[in-house]
Amino acid sequence: MAERLFLVAAMLLTCQVVSVMSSRDYCIVGAGPSGLQLGSLLQMSNRDYIIYERGGAPGNFFYKYPRHGQLISINKRHTGKLNDEFNMRHDWNSLLTDNLDLRVPKYTKEFFPPNYLLTQYLKDFVEYYNLNIQYNTKISDITPPNAAVPGSVFGMRDQHGNTYNCKVLIMATGYSKEKKVTFPGSEHVEYYSEISVNPDDYEGLSVLILGRGNSAFETADNILPATNFVHMVGRSRVKLSWETHYVGDLRAVNNGLLDTYQLKSLDGMVESPVEGIIFVKLPNGKLHLNMSDAELLDAFSMREDYDKIISCLGFEYDFSAFNQSGPHPLPHMRYTKFPHIQHTYESVQVPGLFFAGTSTHSLDFRKSAGGFIHGFRYTTRALFNLLEWRFEGVPWPSVTLSWMDMVPTIVKRINEASATYQMFSVLGDIILINDDDKTFRMLEEFPVKLLADIHKHTGWNGTRIIVMLFEYGPDFSGPGKDIFRETRATGEPSEAHQSNFLHPTFYYYDKIPTEEEMNAVKAPEVLPTPSRLHHIVEDFLTEFDGPITHILTLRRFIETSLDSDLRHKLSEECFELSLTHQTPPLACQVGYLRNMGLDILSM
């Protein structure tokens, strides 16, 4: 009897660990900001989805990083405006939501918030949308569908052996694998992910930091008051975000070591490939840079021995979740820390596999903000719109208006829209021109690199189009550029094409560019040469609403492109013009004459 009970208990125990099959239309791996953003959009559309998260709470990365507890994303609480869309231009931490209380500026007054606050914000976001998240689930062994088998889907398993299927897989895991270094003596290196963040542990020590990014300078700033000196070595010169206009470069909030270096307070920086150095540990425990006889100089800058070497070389994408025996995503050929993806955010190697968040940053690396919350919240929404059309048959969101509404619609967008402002040169507003009924269709925040196949990706047709983008001047940004020169800006409309700061740019095409034309574009150009190009002159306040400086020049560009007079007319003018002209101005056609019950076009 006892043996039977033991056998039954064993069978029950076995049943508890047998794989449980789960199948969904959309599977999101990762409950970080981009995973939650996409999840909220799928939730509001009543799609069949689930989010798998390896940790026990959303935003698992931010429980540890940044290591010293301070984000470098701006939390601007006041702009002098009540318009929420405009205010999101300067809120770099919040996700897109219809709940105006679910904004990070409501959570803290800190200009650079602490990381723990973001984790609380993400928890509240999950609760508000009641997102479907399965925590403590580490996904691995991802296998793509078998193209030869109709209806085949993605397969994967978790750490408990449970298996899951899904039709569409979206990886929203960011790049969380810390870069490691290998050189003689690298076994003595400590890593950013493991170091002590207590400055007292560096009291009176000499420290060498490997790296030249924000994590390296963040670490240096934390220990500067305690150390003998801090030296920093990197492959290339330091890149400052205020001269490159790339938010991933060194931010002013972290650059204390630049002061102590340039003001000769013992700290310093050296340019050298990390892979080419050799360190030996001396009997006294110090770490000594070993130089060859040919390089040995008695005044060599790094001749002092170090107590600690800290690696702060950043992170890269972790491909270990994918089954390597079959088709699987590969690193980008140039930016190897990112997966290789198309402008649809789909893997180059694996159809149906998409990426969201920081892992999509290869598309705009060092060009725009797609690697950061204030950028990828919009690229994630663009991904959602692409998925909706491709898998659900829902066209890209749009609005159709009269040509007479084109200028005020554009003026509103360039003065309020946050997506095109933050994802400059990447997401643009597209105007599809309809000549038959003098209307236009506006598609907001479309990835402009997909322009050649806009019908394929949106469901909307068009021939003549206008693309609205925000851009910096092509020669303004870059390491070593004098971005504070007296001639750095212009306010003259006739010099708008020489604008350096972020400003609206308009590309008019008689016909949509072909894929060959798109592929032929070379940096710093963004799009193929248009039939007509217009720049709105940069503005110190980024308010592009000057009646003469901004709006008049824009209207003339639009009128020339449409070959139509868009000026509004008084009733008396329309009455006279309807008697003296066979085709009165458009303002009279869509306004005065129709209100009078007279359709001149049908006479």
Restricting attention to region 132-182, the residues that are closer than 13 Å to residue 54 by Cα and either open to solvent by 50 Å² or more (accessible area, probe 1.4 Å) or aromatic (Phe, Trp, Tyr) (or both) number exactly 8
(message) Checking the structure you have, find out if any residue of region 348-370 is more than 22 Å from residue 246 (Cβ to Cβ), out of contact with any His (no Cβ under 7 Å at 6 or more places or on another chain), in a helix (DSSP H, G or I) and among the aromatic types (Phe, Trp, Tyr).
(response) no
Reported set for region 529-558 where residues are open to solvent by less than 30 Å² (accessible area, probe 1.4 Å), part of a helix (DSSP H, G or I) and of a type in the set (D, E, K, R) is none
Scanning region 500-526 for residues that are within 18 Å of residue 421 (Cβ to Cβ) and among the hydrophobic types (A, V, I, L, M, F, W, C), the one most open to solvent (accessible area, probe 1.4 Å) turns out to be 501
The number of residues in region 322-343 that are part of a loop (DSSP other than H, G, I, E, B) and open to solvent by less than 20 Å² (accessible area, probe 1.4 Å) is 2
Quick count over region 259-271, residues being open to solvent by less than 30 Å² (accessible area, probe 1.4 Å) and either outside any loop (DSSP other than H, G, I, E, B) or closer than 20 Å to residue 93 by Cβ (or both), is 2
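Considering only region 226-238, I want to know if a residue exists there that is open to solvent by 60 Å² or more (accessible area, probe 1.4 Å), under 30 Å from residue 138 (Cα atoms), touching a residue at least 40 places away in the same chain (Cβ under 8 Å) and not small (Gly, Ala, Ser).
To start, the set of residues in region 226-238 that are open to solvent by 60 Å² or more (accessible area, probe 1.4 Å) comprises 228, 235, 237.
Adding the requirement that they be under 30 Å from residue 138 (Cα atoms) leaves none.
Taking every residue of region 226-238 in turn, none turns out to be open to solvent by 60 Å² or more (accessible area, probe 1.4 Å), under 30 Å from residue 138 (Cα atoms), touching a residue at least 40 places away in the same chain (Cβ under 8 Å) and not small (Gly, Ala, Ser).
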Among 482, 453, the single one that is surrounded by fewer than 17 Cβ atoms within 10 Å (Cβ to Cβ) and free of Cβ contacts under 8 Å to residues at least 60 places away in the same chain is 482
Residue count, region 559-587, condition part of a helix (DSSP H, G or I) and not polar (S, T, N, Q), comes to 11
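Could you list, in sequence order, the residues of region 496-535 that are under 14 Å from residue 554 (Cα atoms) and not basic (Lys, Arg)?
Narrowing region 496-535 to residues under 14 Å from residue 554 (Cα atoms): 496-497, 503-508, 532-535.
Residues satisfying the conditions are 496, 497, 503, 504, 505, 506, 507, 508, 533, 534, 535.
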Counting only residues in region 145-190 that are of a type in the set (D, E, K, R) and not in a strand (DSSP E or B), the one modelled with the highest pLDDT is identified as 158
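Does residue 418 fit the bill of being hydroxyl-bearing (Ser, Thr, Tyr), in contact (Cβ under 8 Å) with a residue 60 or more places away in the chain and in contact with a strand residue (DSSP E or B) (Cβ under 8 Å, 6 or more places away or on another chain)?
Values: hydroxyl-bearing (Ser, Thr, Tyr): yes; in contact (Cβ under 8 Å) with a residue 60 or more places away in the chain: yes; in contact with a strand residue (DSSP E or B) (Cβ under 8 Å, 6 or more places away or on another chain): no.
No: the conditions fail for residue 418.
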Among the residues of region 389-410, the number that are in contact with a Ser or Thr (Cβ under 7 Å, 6 or more places away or on another chain) and either surrounded by 14 or more Cβ atoms within 10 Å (Cβ to Cβ) or part of a loop (DSSP other than H, G, I, E, B) (or both) is 6
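The values are calculated or read from the model by the stated rules, or taken from the named source; none is laboratory data. Small disclaimer: the values here were computed from a predicted structure and weren't measured. Please note: Cβ atoms are built from the backbone with ideal geometry, for glycine as well, and neighbour counts cover all protein chains shown. What goes into the accessible areas is simple: the full protein's heavy atoms, side chains included, and nothing from ligands, DNA or RNA. Shrake-Rupley method; radii C 1.70, N 1.55, O 1.52, S 1.80 Å.
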